[in-house]
Each structure stands twice: as C-alpha cells, then as structure tokens.
1. When you scan the stretch 1-32, how many residues do you find that are open to solvent by 80 Å² or more (accessible area, probe 1.4 Å), outside any loop (DSSP other than H, G, I, E, B), over 21 Å from Lys64 (Cβ atoms) and of a type in the set (A, V, I, L, M, F, W, C)?
2. Quick test for you: out of Leu268, Leu198, Leu251, Leu239, pick the one residue that is surrounded by 11 or more Cβ atoms within 10 Å (Cβ to Cβ), touching a Gly at 6+ places or on another chain (Cβ under 9 Å), modelled with pLDDT of 90 or more and not acidic (Asp, Glu).
3. For the stretch 35-48, state whether one or more residues are closer than 21 Å to Arg87 by Cα and open to solvent by 80 Å² or more (accessible area, probe 1.4 Å).
4. State the number of residues belonging to the stretch 37-87 that are assigned to a helix (DSSP H, G or I) and over 18 Å from Ala8 (Cα atoms).
5. Which of the residues spanning the stretch 54-65 are under 13 Å from Ile26 (Cα atoms) and open to solvent by 40 Å² or more (accessible area, probe 1.4 Å)?
6. For the stretch 201-212, give me each residue that is hydroxyl-bearing (Ser, Thr, Tyr) and open to solvent by 40 Å² or more (accessible area, probe 1.4 Å).
7. Being more than 21 Å from the chain's Cα centre (by Cα) and not polar (S, T, N, Q) is the filter; apply it to the stretch 271-292 and report the residue that is surrounded by the fewest Cβ atoms within 10 Å (Cβ to Cβ).
8. Find the residue count for the stretch 213-236, including only residues that are open to solvent by 30 Å² or more (accessible area, probe 1.4 Å) and either hydroxyl-bearing (Ser, Thr, Tyr) or touching a helix residue (DSSP H, G or I) at 6+ places or on another chain (Cβ under 6 Å) (or both).
Amino acid sequence: LSHPYLFADDGALLFENICRKTYLSIKIEMLTIIKWLRANKLSLNIDKTKILVFDNAQFSVKIKLIDNYAIKECKIYKYLGLMVDNRLKFDFHTDYIKKKIHKRIGAMYRGSSLLPIKYRKMFANSLVLPHFDYLDTIYGRASKTKLHELDILYKKVAKIALGVEKTESSINVYRDMKWLPLHLRRQVHLSSYMFKILKGESPSNFINKFNYISGGSRDGASCNLYTPRSKNLKNFYYLGAKVWNSVPSELRNLSDAKVFSKNYKNELLESAIGDSNYTVNNAFDYVYKLKL
C-alpha cells in the first residue's frame, strides 16, 4: 500500500494513490503500524504524526483510527530539515532559510569591526554557507522570485565577510571569496549528484533511470543523456539530464566525485569571471554553459 522511508528515528510512508473520501489505504497501514508498536511495547508520537497530501485541496481532514489515535492533515511539514508543502513549491523552505540567514547576518554585522577578514570569511563559510547548500538540489525548484531573494542574502553575506561596499561588483566579490554565484553553486551540486548516479554511487532507486542518446547524432556522439518531457520542467529526471548534458566531456570521464565537483566549480567560476556577458539567472531550469 505504501513505500516506507526510514532515517534514524524519523519515518515516512509514501502513498502513490489515496482516496480522499475514505483514506482507506492510510487507515490500513496506520492500524498495522499501531498494532506492531503495541506488540513491541512502543508508542506512536501522535503529535508529530501528520498527513501531507500533494494536491491543491484547500481543506484539511482529521483521520480517526482506534482508541484516541487521530491523525491531522497539514499543508506544510518539516521533514529532515526540509519544509515540504502540499504543492511542492518550496516557498516556505526558502523563507525558512532566509530567517536563519538573517540571524547570522546580524551576528556578522555586529562582529565585523572586531574580527579580521580571515575570521569573517571563516564564519561565512562554516556557519552561513551550509544553510544555502543543504538540500539545494531539491528546493532549487522554487520560484525565480524566491531564489532571487536568497541570492540577495548570499551577496550580502559575501560583502560583509570581505568588508566591501554594498555597491561592489558581485562577480569581484565571488572571485575574492572563491564562491560561485548561487545559481551556479546549485548547478554544481546537481551535476555532482548526477555524476554519482551515473557512476553507480547513488541510492538504488536512481539506478537505470537515465538513458544515453543512441544513434549518429551530435548528442549521441557526445554521450549526452536523453532528456524526458516535463510539463512544468521541474521533474528531477528532466533537470538532471539537462544539467549533465552541459558538463564538458573531460569532466564526465573523471572517476572521483570530489575531484569532479572541485574542477567543475573552478571552471565555472573562471568562466563567469571572464565572461563579459555573464548575468545571474535564478530560474530553476536555467543551465549556464562554460565559455570554452
């Protein structure tokens, strides 16, 4: 009826199809789990157990099980640090990141006159940058407006760390920080994950999900991946294939994921700095191609 996903003491059940009228499949699974927990003298944390249905319905329900067990439906839930919403827009997650970054920007402002540039850069790299990076291959499909808001904060953090004026060129700031522009940072992370998938180093559910283009076409000769159709262009298999096809062939042939990520980052940064026509584009389906 469902596919279970477990991570430490957090668990989730994914149902591919549910009936909004009866919620029968959910009730059957949850009753089975409750019986198993009781048999093993365990209990279900009912306050943290929620239902999240991926649809456009405006109403919420409460499913009654046995005894005093009842599960409420929610429209947004924090799972493993990701704010998942019922429409998978990830606007709530970008707002969640912004709140965390704002707190750290305040600390950076207060300490900017006391700390030398070395420690300001250390603070930015260790305590701020990970918030932008965490799960960016997922929330990177948020709206262009929301990603632009993150981009503004990203630039602000870099400029505070370097102690430069707000009007300083962003590309010069990235060069001095050795940071990629935020949209290129997400591109490297997705490309690195695709590298692991194609090298067989990813979870098994991604194996054999991508196909190389066959035939005598230019894409076939370049060993590019077939790009499946996607109605909203947010499908992982579409975005993953599109990003991978932009990676230079010499990088695809590397054997180590860390070396791949490092080399690709350096090449993208060098290309962006030297490209007089470079502009930031935070559209989730935009892919920047190296200027060779």
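The values are calculated or read from the model by the stated rules, or taken from the named source; none is laboratory data. The model shown is predicted, which means the values in this text are computed figures rather than measured ones. We place every Cβ from the backbone using ideal geometry, glycine too, and count neighbours over all the protein chains shown. Heads up: the accessible areas ignore ligands, DNA and RNA and are worked out on the full protein's heavy atoms, side chains in. Shrake-Rupley method; radii C 1.70, N 1.55, O 1.52, S 1.80 Å.
1. Number satisfying all stated conditions: 2.
2. Numbers: Leu268 fails: touching a Gly at 6+ places or on another chain (Cβ under 9 Å); Leu198 fails: touching a Gly at 6+ places or on another chain (Cβ under 9 Å); Leu251 fails: touching a Gly at 6+ places or on another chain (Cβ under 9 Å).
Exactly one of Leu268, Leu198, Leu251, Leu239 is surrounded by 11 or more Cβ atoms within 10 Å (Cβ to Cβ), touching a Gly at 6+ places or on another chain (Cβ under 9 Å), modelled with pLDDT of 90 or more and not acidic (Asp, Glu), namely Leu239.
3. Taking the stretch 35-48 as the starting set, the residues that turn out to be closer than 21 Å to Arg87 by Cα are 48.
Of the ones still in play, those that are also open to solvent by 80 Å² or more (accessible area, probe 1.4 Å) are 48.
Looking through the stretch 35-48, at least one residue is closer than 21 Å to Arg87 by Cα and open to solvent by 80 Å² or more (accessible area, probe 1.4 Å).
4. Looking only at the stretch 37-87, we keep the residues that are assigned to a helix (DSSP H, G or I), and these are 37-39.
Among the residues that remain, those that are also over 18 Å from Ala8 (Cα atoms) are: 38-39.
Of the residues in the stretch 37-87, 2 are assigned to a helix (DSSP H, G or I) and over 18 Å from Ala8 (Cα atoms).
5. Within the stretch 54-65, the subset under 13 Å from Ile26 (Cα atoms) is 61-65.
Selection gives Lys62, Lys64.
6. Initially, the stretch 201-212 is screened for residues hydroxyl-bearing (Ser, Thr, Tyr), giving 202, 204, 212.
Listed by number, the residues that qualify are Ser204, Tyr212.
7. Restricting attention to the stretch 271-292, the residues satisfying the condition of being more than 21 Å from the chain's Cα centre (by Cα) are 271-279, 290-292.
If we keep only those that are not polar (S, T, N, Q) too, we end up with 272-275, 278, 290-292.
Numbers: Ala272: 20, Ile273: 12, Gly274: 10, Asp275: 13, Tyr278: 15, Leu290: 15, Lys291: 14, Leu292: 6.
Per the stated criteria, the residue is Leu292.
8. First pass over the stretch 213-236, keeping only residues open to solvent by 30 Å² or more (accessible area, probe 1.4 Å): 213-219, 221-223, 226-229, 231-236.
Within this subset, residues satisfying the condition of being either hydroxyl-bearing (Ser, Thr, Tyr) or touching a helix residue (DSSP H, G or I) at 6+ places or on another chain (Cβ under 6 Å) (or both) are 213-214, 217, 222, 226-228.
So the count comes out to 7.
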